[in-house]
Each structure stands twice: as structure tokens, then as C-alpha cells.
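What follows is a single structure, written as C-alpha cells, with notes after it.
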Amino acid sequence: MINKNDLEMLGYFEMFQGSTDYMEDPVRFYSQFVEDKMLTKGNDRLFENVLGLCGESGEVAEKVKKLLRDRTKFSDDDIISELGDVLFYVVALSNIFKGNLKVVMENNMKKLNDRQQRGKLQGSGSSR
């Protein structure tokens, strides 16, 4: 959970001083945080965010690949840091498409629960 020290470090404390909005709705808070970091607009933003997601996901994959191939170790914090970058772009993209992280999670759980109920968790294709 985001606390006062986190907000101060990020330069957001003054914005939320006297308010508990960030504790009550961390999804909305993080969504706005991401929007405040956007440098591109329009189609450029869409492409930048999609490519950013691919790149950051690739960094997670690269660490695991090097673990398997080279026995290069990494800390849990290394992966958590990279997953934070993945999350940033997931939220950025969900913002573009009028969603948010809560909507993304709920839709994903609904889809996976439906597949599980139908015995279709395994297999391939997005409409199984």
C-alpha cells in the first residue's frame, strides 16, 4: 500500500495532504500517476505504450532466460522492479481504452473462471 513516505518521495504528498483518497482507491491514484508521466500523445502514445509493454515484458523474460542459460542469479527485487515497469504500461494502455487496472483484473478473472468451468484452461486460442 502506498504510504506518506512513498508520496513524499514521488512528490505527490502535497496533492493528497489531508486526504485518504490514495488509500481508498489506489487504482485511481496509480492511474493518475501514470497519466502524469506520459510524454507522448495520440497514436504516438499508443505505439509507445505497446512497445514499452513489449520491451519491459522482454526484460522479465531476459532475466529468466539468463537464469536458465547462464545460471545468472537475480533478486526478487529485480523481478518486482521489472514487473512494476510492465504494470506501468498495462495501466497506461488500459487508460487509453477507457479502462483501469480493476476492470482489467475483473475481466481476466471472469474469462479464466469461465474457461475453468468449461474445462478449457489448457489449449490455445483466445476464444476457447
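Coordinate-derived values only; no laboratory data. Fair warning: this is a prediction, and the values are worked out from it, not measured in the lab. Neighbour counts are summed over all protein chains in view; Cβ atoms, including those assigned to glycine, are modelled from backbone coordinates with ideal geometry.
Residues of the stretch 47-68 with an amide N closer than 17 Å to a point placed 7 Å from the Cα of Lys111 along the Cα-to-Cβ direction: 50, 53-54.
So if we plug the beta-carbon distance of Leu68 and Lys102 into 1/(1 + (r/R0)^6) with R0 = 35 Å, what FRET efficiency do we get, rounded to 0.05? It comes to 0.55.
Charge dipole of the stretch 30-106 (Cα centre as origin; +1 on each Lys and Arg Cβ, -1 on each Asp and Glu Cβ, all else neutral): 200 debye, rounded to the nearest 20. Does the stretch 30-86 come out rounded, prolate or oblate, given a ≥ b ≥ c as the square roots of the eigenvalues of its C-alpha gyration tensor, rounded meaning a/c under 1.5 and, failing that, prolate meaning a/b above b/c? Judged from the Cα gyration tensor, the stretch 30-86 comes out oblate (a/c at least 1.5, b/c at or above a/b).
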